[in-house]
Amino acid sequence: MVSASAIGYYGNRGNEVLTEESPAGLGFLAEVCQAWEAATSAVPPPIRVVHARIGVVLSPTGGALKQMRLPFRLGLGGVVGSGEQYISWVALDDVLGAIHHAVITENLRGPMNVTAPHPVTNRELTTPLGSILRRPTVLPLPARVLRLVLGEMADALLLSSARVEPQGLQQSHYSFRQPELDGALRHILGTF
């Protein structure tokens, strides 16, 4: 059984490198993920359970990238907050590939981080996205403005940092389809 969870499990951890062995974080999203994963404790053996802790999914048709495209296309893209917060991203192709890998790999059980092998900062995401879309990325979005508009959800969704690495996938020899951000963005956005 593959249970979809999220890297929100780790909470806001700055630049600390997080693996499946890292303890749970604090905050609303971390508590929701912990409760969600705990709900599978009732699954009886011999059913093998994998908790797919999914990162920020990059897809042209939904999620974070879809929300970012319009402001960037209008020339309004820029770093969010300090720009130093880590974004542990993953291409949709690799989400599907990792779930399939979890199903067919008998030694995978428990938590499995579903992120690309190289997390980036918000600034490191902003620059290539603007370049690929051929738009400037000079308009920052200050943290105080986000907090004014979104309240405490700004911290949980846009200003928190989780530098998550997919140790379980790498150790089980999963072959990433999109391991590098620039190539993934070009593939997803159809610009080669």
* **Counted charge near Leu18, where neighbours are those whose Cβ lies closer than 12 Å (Asp, Glu -1; Lys, Arg +1)** => -1
* **Computed over the stretch 102-184, Kirkwood Rh from alpha-carbon pairs, angstrom** => 15.5
* Structure fact -> Checking Pro166, Pro45, Pro71 against a Gaussian network model of the chain (alpha-carbon springs below 10 Å), the top fluctuating residue turns out to be Pro45
* Count neighbours as other Cβ atoms within 10 Å of each site's Cβ, and list the trypsin sites (Lys or Arg not before Pro) in the stretch 126-181 that are DSSP loop with at most 12 such neighbours. => Arg134
* Have a look at Ile47, Ile132, Ile99 and tell me which one the Gaussian network model of the chain (Cα, springs below 10 Å) gives the largest fluctuation. => Ile47
* To do: Taking GluC sites (Glu not before Pro) as candidate sites, keep only those in a DSSP loop with at most 16 other Cβ atoms within 10 Å, then name the longest stretch of the chain containing none of them.
  => 107-179
* Asked: With r defined as the distance between the Cβ atoms of Ile132 and Glu16 and R0 fixed at 25 Å, what FRET efficiency is calculated, to the nearest 0.05?
  -> 0.30
* Rounded to the nearest 10 degrees, what's the angle between the helix 122-132 long axis and the longest principal axis of the chain, both from Cα atoms, 0 to 90? => 60
* Asked: For the Cα atoms of the chain, what angle does the longest principal axis make with the long axis of helix 28-38, in degrees from 0 to 90, nearest 10?
  -> 20
* Structure fact -> Longest principal axis of the chain (C-alpha) makes with the long axis of helix 63-73 (C-alpha) an angle, in degrees to the nearest 10, of 10
* Asked: In percent, how large is the relative contact order of the chain, given Cα pairs closer than 8 Å and 6 or more residues apart?
  -> 30
* Asked: Per 5 Å bin, what percent of the C-alpha pairs of the chain does each bin hold, from zero upward?
  -> 1, 8, 16, 20, 20, 16, 10, 6, 3, 1, 0
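Every number here is computed from the coordinates shown, using simple stated rules; none is lab data. Quantities reported herein were computed from a predicted structural model and do not represent experimental measurements. A quick note on method: Cβ atoms are made from the backbone with ideal geometry, for glycine too, and the neighbour counts reach across all protein chains shown.
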